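Following: one structure in structure tokens, then a few remarks.
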């Protein structure tokens, strides 16, 4: 094994360990090399994750696999190269060839990925997740597949109990084919989080935090493995930029305490 391959394998193993550690894993989502460097230097950061929405927006594309796959792979590779920390990539639903997309992501230094089921038929979604997990295994690393089910995002007009049952069924099936964690995005209340953990497994569920979500400390107590923030970190940055621009254009000054972080 080459030195680079050994280093990548070590990052993957560490990333997997972080999902099973007592403390919940928080990954602050980044979208380019400079945000990766800044967040990696923040005390307490142990790993990074990209946000497909944010990367797409930074290149002028709407979210939803509108950005060319080659450009997305280049972007996540630049992020991985900017830090020594493990990096997981949001690869949407795999750009038409899940296994090949995962293989290419690993080739540029990525050690984990989100893959969306987009509520495809269960058998089709399970086959996608199996392809992703097998692609990681073939590369000889502890690749962390954070298999995403959109049950709550796409089930807002359905009975809540049926949506929960769908999420649990899919999550368990994804784990059975090699996923390490099941990502269930949505603004989830405490009862729903507890039910997901009970149904899918302790330290096997990943959630996104949005304004009004449960605190990380409470999610840790409930058995959540991982918390991410999706496009909200970019929205925070862009809100600060827009507010600063408005102040400057109205005879204001740059915000006090602004630091050179890059």
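Picking from 252, 178, which residue would you name as being free of Cβ contacts under 8 Å to residues at least 60 places away in the same chain, on the phi > 0 side of the Ramachandran plot and part of a loop (DSSP other than H, G, I, E, B)?
After applying the criteria, what remains is 178.
Would it be correct to say that residue 60 is assigned to a loop (DSSP other than H, G, I, E, B) and over 26 Å from residue 217 (Cβ atoms)? The answer is yes for residue 60. When the stretch 181-214 is filtered for residues that are closer than 20 Å to residue 117 by Cα and part of a loop (DSSP other than H, G, I, E, B), the ones remaining, listed by number, are 184, 185, 186, 187, 188, 201, 204, 209.
Of all residues in the stretch 68-111, how many are in a helix (DSSP H, G or I) and either within 16 Å of residue 45 (Cα to Cα) or at pLDDT below 95 (or both)? Total satisfying the criteria: 2. Restricting attention to the stretch 92-102 and to residues that are surrounded by 17 or more Cβ atoms within 10 Å (Cβ to Cβ) and out of contact with any strand residue (DSSP E or B) (no Cβ under 9 Å at 6 or more places or on another chain), the residue that is nearest to residue 231 (Cα to Cα) turns out to be 95. Assess whether residue 156 counts as being assigned to a loop (DSSP other than H, G, I, E, B) and free of Cβ contacts under 8 Å to residues at least 12 places away in the same chain. When the stated conditions are applied, residue 156 passes them. Mind checking whether some residue in the stretch 222-231 is assigned to a helix (DSSP H, G or I) and within 23 Å of residue 155 (Cα to Cα)? Checked against the condition, which is being assigned to a helix (DSSP H, G or I) and within 23 Å of residue 155 (Cα to Cα), the stretch 222-231 yields no hits at all. Put simply, of 216, 185 the only residue that is within 17 Å of the chain's Cα centre (by Cα), modelled with pLDDT of 95 or more and over 22 Å from residue 92 (Cα atoms) is 216.
Restricting the first member to the stretch 128-144 and to residues that are at positive phi and touching a residue at least 12 places away in the same chain (Cβ under 8 Å), and the second to residues that are in a helix (DSSP H, G or I) and surrounded by fewer than 21 Cβ atoms within 10 Å (Cβ to Cβ), the beta-carbon pairs closer than 8 Å and six or more apart or on different chains are 140/5; 140/9. The set of residues in the stretch 129-151 being surrounded by fewer than 23 Cβ atoms within 10 Å (Cβ to Cβ) and touching a helix residue (DSSP H, G or I) at 6+ places or on another chain (Cβ under 6 Å) consists of 131, 139, 141, 142.
The values are calculated or read from the model by the stated rules, or taken from the named source; none is laboratory data. Keep in mind that this is a model prediction, so the values were computed, not measured. Heads up, the Cβs are rebuilt from the backbone with ideal geometry, glycines too, and the neighbour counts pull from every protein chain shown.
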